[in-house]
Amino acid sequence: MSEEPFGYTYGTEQAARSPVRPAELAELLRSVGLTSEDERCLRMAAKVLIPQAEAMVDAWRGLIAEQPHLAVYSAHPDGRPDPSYSAASKPRFVRWISDVCTRPYDQDWLDYQHEIGLRHTRAAKNRTDGAGSPDHIPLRHLLAFTAPLILATKPFLEGHGHTPAEVEGMYAAWTKAVILHVTLWARAYTSPDDW
């Protein structure tokens, strides 16, 4: 991608340094069952999902907007929608879809997952965009919304000339990768002993 979204600090010194050790990441990759075949399927999914990334983010945000207890985290303090915050953060959310499918699991990737996690907590929420929304998204909502985030993706994988088996492979790989990402984001919420 030629121009990075504002606030996208992947691979820069502005990204937080992940406290997750390589050995812990290796364990997580085994725990979630993410294999080299899954990585191949993610590359295949990239060709399908990246051109639809904006529509995917719009669909996910539509699900969030339907639930006031979730919508509040991107709204003004009085509960009114904050379109400027949504517009500022959307390009990073769109870029995340590409990152899920294409980035190697190296230190830059680990660091940026920690940065994303922090941006959902009191440590860094609203800081990037100068927003005035609530300063913390409870971990319970981050974890629970993983299900609709994954489920709403399958229709975007279908109808692009892949066999049913290829669609299932891409969907399984996407599911594992998203769970891995959210697991790493959760590290920003917890103490080392509890994570």
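Values computed for the structure shown
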quantity	calculated
Residues that are open to solvent by less than 40 Å² (accessible area, probe 1.4 Å) and either of a type in the set (Val, Ile, Thr) or part of a loop (DSSP other than H, G, I, E, B) (or both), drawn from the range 137-169	ILE137, PRO138, PHE145, THR146, ILE150, ALA152, THR153, VAL167
Subset of the range 62-90 (residues that are over 11 Å from GLY132 (Cα atoms), touching a helix residue (DSSP H, G or I) at 6+ places or on another chain (Cβ under 7 Å) and charged (D, E, K, R))	LYS90
Residue in the range 1-23 that is outside any loop (DSSP other than H, G, I, E, B), open to solvent by 20 Å² or more (accessible area, probe 1.4 Å) and closer than 25 Å to TRP195 by Cα present	yes
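Conditions tested, residue by residue: (1) of a type in the set (Asp, Glu); (2) farther than 30 Å from PRO22 by Cβ; (3) touching a residue at least 40 places away in the same chain (Cβ under 8 Å).
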| position | (1), (2), (3) |
| --- | --- |
| VAL100 | no, no, yes |
| ASP106 | yes, no, no |
| TYR112 | no, no, yes |
| PRO134 | no, yes, yes |
| ILE137 | no, no, yes |
| PHE145 | no, no, yes |
| PHE156 | no, yes, yes |
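The values are calculated or read from the model by the stated rules, or taken from the named source; none is laboratory data. Keep in mind the model is a prediction, meaning the values are calculated, not measured. Here Cβ is always computed from backbone atoms with ideal geometry, including for glycine, and neighbour counts include all displayed protein chains. What goes into the accessible areas is simple: the full protein's heavy atoms, side chains included, and nothing from ligands, DNA or RNA. Shrake-Rupley method; radii C 1.70, N 1.55, O 1.52, S 1.80 Å.
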